[in-house]
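Everything below concerns the one structure shown next.
The values are calculated or read from the model by the stated rules, or taken from the named source; none is laboratory data. Here the structure is a predicted model, which means the values were calculated and not measured. As a convention, Cβ positions derive from the backbone with ideal geometry for all residues, glycine included, and neighbour counts pool all protein chains shown.
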Amino acid sequence: MNRLTLSCLAVAFWVGSEAALAQVLVPMTAHEAFHRIDPSDTGVQNARIMTLADHGFAPGQVIRFETVGDYDNGPGADVFSGIMAVFSASTTLLGPTLVNRVPDAIDAGTDHLTIPTCPGNLPTDIPQDFTINPSGVDVIIPEGAIYLFLATRDCLYRDNTDPDGDFSVRLTLREISSSPTPTLSMLSLGAPHPNPSRDRITISCSLPAAEKVRIAIYGVDGRVVRMLLNTTLPAGSRDLVWDGRDEAGSRVATGLYIARLTTTRGALDRRLLILR
């Protein structure tokens, strides 16, 4: 095994029976963020940004993401290890007071609903991000992705420390997908658009095989506001439109709602914001 050092990234290559698989270890400081930051938080750095092509990664490839090590989230020992990630078409990262700081973010599947800031309780979630844990997650690099943003999954950064300096994320090339389009090979619920909206929001979904599908809009209290779809569908992609009304046909109030896709393969959520 040959190990090369490129900036702060350690890159390794293993030659298998079929192809060479790339692996990259990216050190983290426990202070990086691409989400909205609480105004009182003074311990934040900009997200770690990787250029995918520099490490042999390209759209259509399946990448295994895993966290390595952990960090201290406050008093006590190193016990936290969550990392957030998002693909982007550019390196643009807007100011920390904004929710959508990555204007060129590209959706890669399931959104992780990030918690509000501490202590201000401000919304932070963007629909294109995903979460990484020690157990790992496989993600297909989406079309148009050139960069990867990495951030510590937290709501307050100023008290984070990493005494043993082991906090990092490992990316491993698993395979090259037969199709560069993730929606043809996996269950997905696309980023709603426009979002926020005053009324109509388009929601895209994709099924890898025919199955029973339920897509509903929920309030933050967990009740069903509107059932959009509850039937068996063939494999493929389709768009649904929510007109911002409940089951009775009344316009819903300003606020946060959840679009949930449920099948036998699992459930996926997206946040929707209605502004009247």
Kindly indicate which of Ala235, Ala259 is surrounded by fewer than 12 Cβ atoms within 10 Å (Cβ to Cβ), hydrophobic (A, V, I, L, M, F, W, C) and under 14 Å from Ser188 (Cβ atoms). Ala235
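Checking the conditions here, which among Thr91, Thr131 is part of a strand (DSSP E or B) and surrounded by fewer than 20 Cβ atoms within 10 Å (Cβ to Cβ)?
Thr131
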Out of all the residues in region 232-248, which are within 15 Å of Asp199 (Cα to Cα) and part of a strand (DSSP E or B)? Leu240, Val241, Trp242, Arg245
Let me spell it out: the conditions are (1) more than 21 Å from Phe57 (Cβ to Cβ); (2) touching a Pro at 6+ places or on another chain (Cβ under 9 Å), and Asp162 meets all of them except one. Which number is the exception? (2)
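Before we move on, is Tyr147 more than 18 Å from the chain's Cα centre (by Cα), modelled with pLDDT of 80 or more and in the same structural domain as Ile106 (by TED's automatic domain parsing)?
Working: more than 18 Å from the chain's Cα centre (by Cα): no; modelled with pLDDT of 80 or more: yes; in the same structural domain as Ile106 (by TED's automatic domain parsing): yes.
The answer is no for Tyr147.
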Please go through (1) in contact with a His (Cβ under 8 Å, 6 or more places away or on another chain); (2) at pLDDT 90 or above; (3) under 26 Å from Pro192 (Cα atoms) for Ser88 and return the number of the only condition it doesn't satisfy. (1)
Residue set Arg170, Arg64, Arg153; condition under 22 Å from Leu256 (Cβ atoms) and either crowded, with 16+ Cβ neighbours inside 10 Å or at pLDDT below 85 (or both); output residue Arg153
